[in-house]
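Okay, structure first, notes after.
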Amino acid sequence: MNELNVLRRTLLKGGCAASVVAFAASAGLLVPGRALAAQWNKAAFESKSIADALKGLGAAGVTDSKEILIKAPDIAENGSMIPVEVTSQIADTQSISILAEKNPLPLLAVFEFAEGAQGYVSTRIKMGQTSSVRVVVKAGGKYYNAAREIKVTIGGCGG
């Protein structure tokens, strides 16, 4: 009998919580996806060159930095899934952008960080051919960059 009471209480708590969330959503207090999603930067993502992508990001005057660490394989057997880790040791990192120079659309990803967040990203990228992967970090209103070449044996962008 005790187990039934625990089960009943759990179901009642869950039902009440679901009702509150449903009410908040119907009242317009909760809008799924909009709160955490950054605005889409169409110009930067549709750029066909590194220079245009950087311009779309607003990254004028990029400075080389040794405080950006890129961990990726030297040779990627399959260009459709290349693991990449980026760590920014630059104080006040606001965003990390990943670009592949020889991709048809070079800007692969942009990650934005809340104030005080650690500048670290782990993701998988797609490359059509051997190319330099460039990472651009925005920190304190300035832009920094580092690059690393990744050799691709089987292309992932239609190759």
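If we scan region 75-88, do we find a residue that is in a strand (DSSP E or B), closer than 19 Å to L57 by Cα, at pLDDT 95 or above and of a type outside the set (S, T, N, Q)? The answer is yes, given that some residue of region 75-88 is in a strand (DSSP E or B), closer than 19 Å to L57 by Cα, at pLDDT 95 or above and of a type outside the set (S, T, N, Q).
One residue stands out in region 62-87 among those that are small (G, A, S) and under 14 Å from A147 (Cβ atoms): the one that is surrounded by the most Cβ atoms within 10 Å (Cβ to Cβ), namely S65.
A residue that is touching a Gly at 6+ places or on another chain (Cβ under 9 Å), modelled with pLDDT under 95, farther than 24 Å from K48 by Cβ and charged (D, E, K, R) occurs somewhere in region 92-99. The set of residues in region 112-127 that are buried (at least 18 other Cβ atoms within 10 Å of the Cβ) and more than 11 Å from V84 (Cβ to Cβ) comprises F113, G119. Considering R9, R34, the condition of being assigned to a helix (DSSP H, G or I), at pLDDT below 80 and at negative phi is satisfied by R9 alone. Among the residues here, L105 qualifies as in contact with a helix residue (DSSP H, G or I) (Cβ under 9 Å, 6 or more places away or on another chain), in contact (Cβ under 8 Å) with a residue 60 or more places away in the chain and closer than 23 Å to A51 by Cα.
Per-residue answers, yes or no, for (1) on the phi > 0 side of the Ramachandran plot; (2) touching a Cys at 6+ places or on another chain (Cβ under 6 Å):
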{"residue": "V86", "(1), (2)": "no, no"}
{"residue": "V110", "(1), (2)": "no, no"}
{"residue": "G119", "(1), (2)": "no, no"}
{"residue": "R124", "(1), (2)": "no, no"}
{"residue": "G128", "(1), (2)": "no, yes"}
{"residue": "G140", "(1), (2)": "yes, no"}
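The values are calculated or read from the model by the stated rules, or taken from the named source; none is laboratory data. From a predicted model like this one, the values you see are computed outputs, not experimental measurements. Neighbour counts run over all protein chains shown; Cβ positions are idealised from the backbone, glycine included.
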